[in-house]
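Worksheet for the structure shown next.
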Amino acid sequence: MVKTVTHDVQTSVHAYLREMPGALGHMDYEVRGNRVIAHGDDGTVVIELTYEGERRLGSLELPMTHVELNLIGFSDSAADAFLRNYDKHMMRTGGG
């Protein structure tokens, strides 16, 4: 089974990658450019990051990044547990 979840977050790719290890828990992972591949007992997560530029909010310019998570081989309950942990850790980076 492959479950795909997408988010648009107010952060740069660099800031996202800095916060990402906590969201992956104990999974082994590697970063290949703007792609993260993580392997764990429950399955594999492939994260694609696409920087979409700056969003203007008044005088502020906020970085925007599109995040696509592909959960491969997870059961429904394991995918839900992973996503709860991911959201908890990634909310401070501008979204989840």
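Points worth noting:
- Unmet requirement for Arg84, which otherwise passes all of (1) within 14 Å of Lys3 (Cβ to Cβ); (2) surrounded by 15 or more Cβ atoms within 10 Å (Cβ to Cβ): (2)
- All of Val9, Val13 fail the test of being more than 20 Å from Leu83 (Cβ to Cβ), in contact (Cβ under 8 Å) with a residue 12 or more places away in the chain, among the β-branched types (Val, Ile, Thr) and out of contact with any helix residue (DSSP H, G or I) (no Cβ under 6 Å at 6 or more places or on another chain), apart from Val13.
- With respect to being surrounded by fewer than 16 Cβ atoms within 10 Å (Cβ to Cβ) and among the charged types (D, E, K, R), Asp42 falls outside the description.
- Residues located in segment 50-67, provided they are closer than 21 Å to Lys3 by Cβ and touching a Leu at 6+ places or on another chain (Cβ under 8 Å): Thr65, His66, Val67
- Filtering segment 47-69 to residues that are touching a residue at least 24 places away in the same chain (Cβ under 8 Å) and surrounded by fewer than 17 Cβ atoms within 10 Å (Cβ to Cβ) leaves Tyr51, Glu52, Arg55, Leu62, His66, Glu68.
- Candidate set: segment 6-20, residues that are over 19 Å from Glu54 (Cβ atoms) and surrounded by 15 or more Cβ atoms within 10 Å (Cβ to Cβ); chosen: the one modelled with the highest pLDDT: Met20
- The criterion of at least 1 residues that are touching a strand residue (DSSP E or B) at 6+ places or on another chain (Cβ under 8 Å) and polar (S, T, N, Q) is met, among strands (runs of 3 or more DSSP E) falling completely within segment 1-85, by 2-9, 43-57, 60-72.
- Any hit, segment 21-34, residues being surrounded by 13 or more Cβ atoms within 10 Å (Cβ to Cβ), free of Cβ contacts under 8 Å to residues at least 24 places away in the same chain and in contact with a Ser or Thr (Cβ under 8 Å, 6 or more places away or on another chain): yes
The values are calculated or read from the model by the stated rules, or taken from the named source; none is laboratory data. Every value quoted in this text rests on a predicted model; they were computed, and no experiment measured them. Backbone-built Cβ (ideal geometry, glycine too); neighbour counts: all protein chains shown.
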